[in-house]
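Since the structure comes first, as structure tokens, the remarks are kept for the end.
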Amino acid sequence: YWFTSFLFHDCDRLQKYLFEKKIQTRRFFYPLNRQPCFIKNKDKIGNINGNFPISEKIYKLGLSLPSSYQITEEQIDEVCENIKNFYTNKNI
């Protein structure tokens, strides 16, 4: 139950919307080529400045939803309903 993660279009707005509904989310980890420890040592790592479009796209669209061994089915339903409402009601 460490991460329950999905890719969403309009991820930033969805995260803000869920936050307003008191549903905590987290963005995906930075792609490895953008991790500070790798950037700091870029002279020792080959191809760190390469083009990584898949990693960048996943980072841009990725959102981790609430997850825990203690999360209830009601809480899961609430998260799902709010995501459905976000995409159904385009004016949100």
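Among the protein heavy atoms, those of residue 64 account for about 10 Å² of accessible surface (1.4 Å probe, every chain in place).
Sort 6, 38, 29, 86 by heavy-atom solvent-accessible area, probe 1.4 angstrom, most to least.
Numbers: 6 105, 38 70, 29 140, 86 15 Å².
Heavy-atom accessible area, descending, gives 29, 6, 38, 86.
Accessible surface ranking for 27, 34, 1.4 angstrom probe, highest first: 34, 27.
For the chain, the longest principal axis of the C-alpha atoms and the axis of helix 73-88 are separated by about 80°.
Given the Cα-Cα distance of residue 52 and residue 64 and 0.36 nm per residue of separation, how much length would full extension add, in nm? Walk me through the numbers on the way to the answer.
Values: separation 12, 0.36 × 12 = 4.32 nm, distance 2.11 nm.
Computed gain between residue 52 and residue 64 is 2.2 nm.
Please list, in order, the residues from the stretch 1-16 whose amide nitrogen is less than 12 Å from a point placed 7 Å along the Cα→Cβ vector of residue 87. The answer is 6-11, whose backbone nitrogens lie closer than 12 Å to the label point. With a/c under 1.5 counting as rounded, go ahead and sort the chain into rounded, prolate or oblate using the C-alpha gyration tensor (a ≥ b ≥ c being the square roots of the eigenvalues; past the cut-off, prolate if a/b is larger than b/c, else oblate). In terms of gyration-tensor shape, prolate. Using a probe radius of 1.4 angstrom, the carbon and sulfur fraction of the accessible surface of the chain is 55%.
Send over a whole-number figure in Å² for the accessible area per residue of the chain, probe 1.4 Å. Let's see the in-between values first.
Working: 7370 Å² over 92 residues.
On a per-residue basis, the chain sits at 80 Å².
The values are calculated or read from the model by the stated rules, or taken from the named source; none is laboratory data. Every value quoted in this text rests on a predicted model; they were computed, and no experiment measured them. Note that each Cβ is placed from the backbone with ideal geometry, even for glycine, and that neighbours are counted across all protein chains shown. SASA here: full protein model, heavy atoms, side chains in, ligands and nucleic acids out. Shrake-Rupley method; radii C 1.70, N 1.55, O 1.52, S 1.80 Å.
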